[in-house]
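What follows is one structure encoded as structure tokens, with my remarks underneath.
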């Protein structure tokens with residue numbers, strides 16, 4: 001049996017999160033990824049952050065580091081998420097502007113036709129085609 005268990009490790013990692021914040025990890029998969037990444041760092045030459053790590057397997061050391069709070073799990077790239085959000089908002093604004101411009105073009109085309117009845121039909125057809 002592994003000590004600490006997955007659930008104990010997840011509780012320890014998530015204990016510093018605020019009540020209204022989402023947990024740092026919410027699955028065993030996240031724990032496995034974090035510990036394996038840290039084990040690879042130790043294999044690559046990083047100094048272990050817990051005592052008596054010599055002679056122990058890198059994965060065991062990584063689990064103990066995580067359990068003791070010596071290593072924190074961070075998002076891969078928090079800045080990337082913010083940039084993607086800003087790009088999405090900019091794209092939405094561009095789409096709204098294009099929609100408004102299309103509406104102006106459709107209205108000016110209907111006015112040029114001269115017949116109010118046909119203009120109403122034209123607008124209805126165009127709007128239904130957009131949805």
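Quick grid of which residues meet (1) outside the structural domain of residue 10 (by TED's automatic domain parsing); (2) on the phi > 0 side of the Ramachandran plot; (3) modelled with pLDDT under 90; (4) part of a helix (DSSP H, G or I):
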{"residue": "38", "(1), (2), (3), (4)": "no, no, no, yes"}
{"residue": "47", "(1), (2), (3), (4)": "no, no, no, no"}
{"residue": "55", "(1), (2), (3), (4)": "no, yes, no, no"}
{"residue": "61", "(1), (2), (3), (4)": "no, no, no, yes"}
{"residue": "64", "(1), (2), (3), (4)": "no, no, no, yes"}
{"residue": "83", "(1), (2), (3), (4)": "yes, no, yes, yes"}
{"residue": "86", "(1), (2), (3), (4)": "yes, no, yes, yes"}
{"residue": "89", "(1), (2), (3), (4)": "yes, no, yes, yes"}
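Of the conditions (1) at negative phi; (2) modelled with pLDDT of 90 or more, residue 30 satisfies every one except a single condition; which number is it?
Answer for residue 30: the failing condition is (2).
The values are calculated or read from the model by the stated rules, or taken from the named source; none is laboratory data. Quick caveat: nothing in here was measured; it's all calculated off a predicted structure.
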